[in-house]
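Enquirer: Pasting a structure below so you can have a look.
The values are calculated or read from the model by the stated rules, or taken from the named source; none is laboratory data. All values reported here derive from a predicted model rather than from experimental measurement. Please note: Cβ atoms are built from the backbone with ideal geometry, for glycine as well, and neighbour counts cover all protein chains shown.
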Amino acid sequence: MANQFMKMYFSGKMLGRLRCVLMMVLVIVLPVQASDSLYETQIPVKSQGGAARQAGFQRGLEVVLQRLTGQSDLRRLPSVAEAGRQANKLVSRFDYRDIPEQQLIDDNKYLLRVRFSQSAVNQLLRENHLPIWGETRPSVLVWLAQENTGRREFVSPEAPSFLRSDMNREAQEWGLPLVYPLFDFEDSLALSISDMWGLFADPILNASRRYGVNAVMAVRIWPAGDQLINGRALFIFRGQVMSFDFQGVQPNELSSQLVAQAAGQMAAFYAVAPEGADGRPIRIQVDDIANVSDYADLIRYLESLTAVRSVMPVKVKGSRIMLDVVIDGSMDQLDAAISLGRKLAVSSSYSTPKGMDPSQIKGTSDLQYRWR
């Protein structure tokens, strides 16, 4: 029974060559996103009546707050719970879509698509001193392996996997982009199934470098009987290696816990707490500003970052500009957010003025980049 379940859960018919190639491309270039925006979500509802709509708004707000904070239970805060009961006041627009008959679950006939006001939701979070995790988010590379009828193997792109589908669905709710290995010849040389099953961090990290991601998750699973599974996972982020064990859980429960753990760990670093800094401006130097258009794009880009309160140009000389940036959170968080955005590269062209000891200019700028 368990073996039949595992076969049903992890395997399917082999796909054609063309579909295989397309899938391998998609898994690397199309990270999973929450929706068009972190402030928008879709909630299944049974009707278009007022009570069902209000319940959908409340559930939708919970999903959005979870994405933005990396925390799953904010209803314990009285003011957040009250905002949930009046979630309609935070809605900027909504509409309905029919759910196809073959996809109906629990008599929910419609998808309520709702978008919340970004400014109103952010104000709610600030009033409750909650962190905000912005839209620029790092991808997580996910390696999957299974044991089935005594055989251990990778879950590859050409074999449809409900575990991968469940993780993708959970990742949408958390606003966490997931990508998957190609499992091509290079991957097969870089990571063996024995190293993967042992969850050895160094081989997994080495095999992951080609994908240029900021975080890696490796998951191995095996049957526990009665259509349940056991699992063990490794999550590697910013040099930290964390492991998680799961015993006798439903597949969707495993996916939910895996994604929640990853999102929580990443949000703890990237989410910016209001009033988290001392108010001192960060001095940023940016090189390779070629024209007025570059200058305008740079200012708009910096102002779009969640951590940034204000941007003030203080000096322009040639293609170099100095800016004072007031932030929430820490300078490390600002630097990390900038690194994710790929608009600015760490500058290697910073030069000490002739005849001046480098120690004399310490503090001239806190961070140095070049525009690209």
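Enquirer: Checking V272 against (1) surrounded by fewer than 21 Cβ atoms within 10 Å (Cβ to Cβ); (2) in contact with a helix residue (DSSP H, G or I) (Cβ under 8 Å, 6 or more places away or on another chain), which single condition isn't satisfied?
Expert: The number of the failed condition is (1).
Enquirer: Do we have any residue at all in region 341-355 that's modelled with pLDDT of 80 or more and of a type in the set (D, E, K, R)?
Expert: Looking for residues that are modelled with pLDDT of 80 or more and of a type in the set (D, E, K, R), one finds at least one in region 341-355, hence yes.
Enquirer: Between a first residue in region 198-216 that is assigned by TED's automatic domain parsing to the domain that holds Q146 and farther than 10 Å from L234 by Cα and a second residue that is surrounded by 19 or more Cβ atoms within 10 Å (Cβ to Cβ) and among the aliphatic types (A, V, I, L, M), which pairs have beta carbons less than 6 Å apart while being 6 or more apart in sequence or on different chains?
Expert: Taking only residues 6 or more apart or on different chains, the pairs are P203/L191; A207/L191; S208/L141; S208/V216; Y211/L141; V213/L141; A215/V140.
Enquirer: Tell me, which residue of region 328-340 that is more than 14 Å from Q285 (Cα to Cα) and charged (D, E, K, R) is modelled with the highest pLDDT?
Expert: The extreme case among them is D332.
Enquirer: Another question about this same structure. I'd like to check something: does region 289-305 contain any residue that is in contact with a Gly (Cβ under 6 Å, 6 or more places away or on another chain), of a type outside the set (A, V, I, L, M, F, W, C) and in contact (Cβ under 8 Å) with a residue 24 or more places away in the chain?
Expert: No; the residues of region 289-305 include none that is in contact with a Gly (Cβ under 6 Å, 6 or more places away or on another chain), of a type outside the set (A, V, I, L, M, F, W, C) and in contact (Cβ under 8 Å) with a residue 24 or more places away in the chain.
Enquirer: Now a separate question. Which of the residues spanning region 68-81 are in a helix (DSSP H, G or I), more than 12 Å from L130 (Cβ to Cβ) and of a type outside the set (A, V, I, L, M)? Steps first, answer last, please.
Expert: Initial filter on region 68-81 (in a helix (DSSP H, G or I)): 68-69, 78-81.
If we keep only those that are more than 12 Å from L130 (Cβ to Cβ) too, we end up with 78, 81.
Once the filter is applied, which keeps residues that are in a helix (DSSP H, G or I), more than 12 Å from L130 (Cβ to Cβ) and of a type outside the set (A, V, I, L, M), region 68-81 yields only P78.
Listed here are the residues, each with its yes/no results for (1) in a strand (DSSP E or B); (2) in the same structural domain as P44 (by TED's automatic domain parsing); (3) buried (at least 20 other Cβ atoms within 10 Å of the Cβ).
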| site | (1), (2), (3) |
| --- | --- |
| D95 | yes, yes, no |
| L111 | yes, yes, no |
| R115 | yes, yes, no |
| E158 | no, no, no |
| A171 | no, no, yes |
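Enquirer: Out of region 141-181, which residues are more than 27 Å from Q71 (Cβ to Cβ) and modelled with pLDDT of 90 or more?
Expert: Answer for region 141-181, where residues must be more than 27 Å from Q71 (Cβ to Cβ) and modelled with pLDDT of 90 or more: A145, Q146, E147, R151, R152, E153, F154, V155, P181.
Enquirer: It is to be established whether one or more residues within region 232-242 are at pLDDT 95 or above and in contact with a Lys or Arg (Cβ under 8 Å, 6 or more places away or on another chain).
Expert: yes
Enquirer: Starting from residues that are surrounded by fewer than 20 Cβ atoms within 10 Å (Cβ to Cβ) and either under 20 Å from the mean Cα position of the chain (by Cα) or of a type in the set (F, W, Y) (or both), keep the ones in region 289-327 and report whichever is modelled with the lowest pLDDT.
Expert: Looking at residues that are surrounded by fewer than 20 Cβ atoms within 10 Å (Cβ to Cβ) and either under 20 Å from the mean Cα position of the chain (by Cα) or of a type in the set (F, W, Y) (or both), I get S304.
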